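Asks: Here it is, the structure in full.
The values are calculated or read from the model by the stated rules, or taken from the named source; none is laboratory data. Values in this document were obtained by computation on a predicted structure and should not be read as measured data. Here the Cβ is made from the backbone with ideal geometry for all residues, glycine too, and neighbour counts use every protein chain on show.
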Amino acid sequence: MRLPQLSSTQDEALASALQAMIDNKTKPQGSLGVLEFVAHRIGLIQKSRAPRIDRAAVVVFAADHGIVAENISAYPQSVTWQMVENFLQQGAAINVFARQNDCALHIVDAGVNHDFGGRAGLIDRKLGPGTRNFAEEPAMSVAQCEQALQYGMDLVEATHIDVIGFGEMGIGNTTAAAAIMHKITGIAVGECVGAGTGLAAEGIRHKQRVIEQAVQRHAGVDTPLDILRTFGGFEIAMIAGAMLKAAERRMVLLIDGFIVTSALLAAAKLQPAILDYCLFSHCSDEHGHRRMLQYLDARPLMQLDLRLGEGTGSALALPLLHAAVNFLAQMATFSSAQVSEKSA
């Protein structure tokens, strides 16, 4: 397996040209706020003074987690496969928001504990019926982790899009994500753990204890790939691989919530330049996501108190990306509109 080697998007001449274009639009400088940042970043990613968003997709990776044996979720594991069925029947929130925003949607079985058979609309990359219980042993073998990364890279290689959003479904995956967050950032477990699918206070405390004990058991684990395979999920590893390949292909990476950002933490440890290719759709209401974003020095586009996953935040953020590239392409300049510029 060869991981992509990424370079920074920084280009002084292009950055200056884009900023001059943005500043010369018929508006006070900076008055379009975050949209100006988005337009500038997309231009650098695409190496273009005329960035475009013609094709966008959200890819939802689904998998189960052995850690659910520790009673860390408010919902049974069967909800994972039931929600995949809901995706396939066009009934989930991500289906609604993807349709609304003319966004392609792809569903991937990365390792769900259910036999779907051959299903139209379901991409089968099943690595097993879920990971092992990381409270007792590493969640994945080295081979499984590498295969998950490769599957993610291959899926992106087969696409022809400008923007890719990442979604996930997997009962237990906020526990995996919190463990990854703690190991990569060094932030205390208590600040990483949240309610997930709706745990009450005692459930959150139990979840924290499970992670703390697992971290002690695997105390020697410290490299990004070892952290990913020990505490991660098949869907989280596939997302990390997909992110790396998408950045290599100079796509805009639209980052969703807590679990997707945990995959980015691992990917960024492997290739720090990946952060140049990212736009962060929102700050999740899941406890710990704000700290993740602070650690990454990330600027979320929205604050909607979401904590659903599925890539919903990414789909909802797409209109902001369209607005950013459209104002850059279509808005008049002071000279073209014969509008007087600021006098002092």
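Asks: Surrounded by fewer than 24 Cβ atoms within 10 Å (Cβ to Cβ), outside any loop (DSSP other than H, G, I, E, B) and at pLDDT 95 or above: is that true of Ala267 in this structure?
Replies: Here the answer is no, as Ala267 does not meet what is asked.
Asks: Still on this model: Among the candidates Met302, Met331, single out the residue that is over 19 Å from His182 (Cα atoms), surrounded by fewer than 18 Cβ atoms within 10 Å (Cβ to Cβ), out of contact with any Cys (no Cβ under 9 Å at 6 or more places or on another chain) and of a type outside the set (Phe, Trp, Tyr).
Replies: Being over 19 Å from His182 (Cα atoms), surrounded by fewer than 18 Cβ atoms within 10 Å (Cβ to Cβ), out of contact with any Cys (no Cβ under 9 Å at 6 or more places or on another chain) and of a type outside the set (Phe, Trp, Tyr) holds for just one of Met302, Met331, which is Met331.
Asks: With a cut-off of at least 3 residues that are within 21 Å of Ala143 (Cα to Cα) and not polar (S, T, N, Q), name the helices (runs of 4 or more DSSP H) lying wholly within the stretch 172-233.
Replies: Passing ranges, in order: 173-185, 224-231.
Asks: Shifting gears a bit: Going by the conditions given, is Gln330 out of contact with any Gly (no Cβ under 6 Å at 6 or more places or on another chain) and without any contact (Cβ under 8 Å) to a residue 12 or more places away in the chain?
Replies: Yes, satisfied.
Asks: Name the residue, out of Ala158, Ala120, that is out of contact with any Asp or Glu (no Cβ under 9 Å at 6 or more places or on another chain), small (Gly, Ala, Ser) and closer than 25 Å to Leu244 by Cα.
Replies: Ala158
Asks: Sticking with this one: Filter the stretch 88-99 down to the residues that are crowded, with 23+ Cβ neighbours inside 10 Å and either at positive phi or in a helix (DSSP H, G or I) (or both) and list them by number.
Replies: Ile94, Ala98
Asks: Moving to a separate point now. Cβ-Cβ below 6 Å, separation at least six or inter-chain, first residue in the stretch 119-144 and part of a loop (DSSP other than H, G, I, E, B) and surrounded by 15 or more Cβ atoms within 10 Å (Cβ to Cβ), second of a type in the set (Lys, Arg) and modelled with pLDDT of 95 or more: which pairs?
Replies: Hits for this filter: Pro138/Arg229; Ala139/Arg132; Met140/Arg229.
Asks: Among the residues of the stretch 17-25, are any touching a residue at least 24 places away in the same chain (Cβ under 8 Å), in a strand (DSSP E or B), more than 28 Å from Thr159 (Cα to Cα) and over 24 Å from the mean Cα position of the chain (by Cα)?
Replies: Checking the stretch 17-25: at least one residue is touching a residue at least 24 places away in the same chain (Cβ under 8 Å), in a strand (DSSP E or B), more than 28 Å from Thr159 (Cα to Cα) and over 24 Å from the mean Cα position of the chain (by Cα).
Asks: Out of all the residues in the stretch 55-72, which are modelled with pLDDT under 95 and surrounded by fewer than 22 Cβ atoms within 10 Å (Cβ to Cβ)?
Replies: Asn71
Asks: When you check Arg2 against the structure, is it part of a loop (DSSP other than H, G, I, E, B), surrounded by fewer than 22 Cβ atoms within 10 Å (Cβ to Cβ), at pLDDT 95 or above and more than 21 Å from the chain's Cα centre (by Cα), yes or no?
Replies: So Arg2 fails the test.
Asks: Identify all residues within the stretch 291-326 that are within 25 Å of Gly172 (Cα to Cα), within 14 Å of the chain's Cα centre (by Cα) and part of a helix (DSSP H, G or I); write none if there are none.
Replies: Correct list: Met292, Leu293, Thr312, Gly313, Ser314, Ala315, Leu316.
Asks: Evaluate the stretch 182-193: report whether one residue or more is surrounded by fewer than 24 Cβ atoms within 10 Å (Cβ to Cβ), of a type outside the set (Val, Ile, Thr) and on the phi > 0 side of the Ramachandran plot.
Replies: For the stretch 182-193, residues surrounded by fewer than 24 Cβ atoms within 10 Å (Cβ to Cβ), of a type outside the set (Val, Ile, Thr) and on the phi > 0 side of the Ramachandran plot: present.
Asks: Let me ask you something else. Does Glu12 satisfy the criteria of being touching a helix residue (DSSP H, G or I) at 6+ places or on another chain (Cβ under 8 Å) and at pLDDT 95 or above?
Replies: Here the answer is no, as Glu12 does not meet what is asked.
Asks: Considering (1) touching a helix residue (DSSP H, G or I) at 6+ places or on another chain (Cβ under 9 Å); (2) outside any loop (DSSP other than H, G, I, E, B); (3) under 19 Å from Asn173 (Cβ atoms), say which one Ser73 fails and leave the rest.
Replies: Answer for Ser73: the failing condition is (2).
Asks: Further, regarding this structure: Any chance you could count how many residues in the stretch 76-87 are surrounded by fewer than 17 Cβ atoms within 10 Å (Cβ to Cβ) and in contact with a helix residue (DSSP H, G or I) (Cβ under 9 Å, 6 or more places away or on another chain)?
Replies: 1
Asks: Further, regarding this structure: Can you tell me how many residues within the stretch 82-100 are of a type outside the set (A, V, I, L, M, F, W, C) and under 18 Å from the mean Cα position of the chain (by Cα)?
Replies: Result for the stretch 82-100: 1.
Asks: Just to be sure before I move on: is Gly152 under 20 Å from Thr80 (Cα atoms), touching a strand residue (DSSP E or B) at 6+ places or on another chain (Cβ under 7 Å) and not aliphatic (A, V, I, L, M) in the structure I sent?
Replies: Judged against the criteria, Gly152 is not a match.
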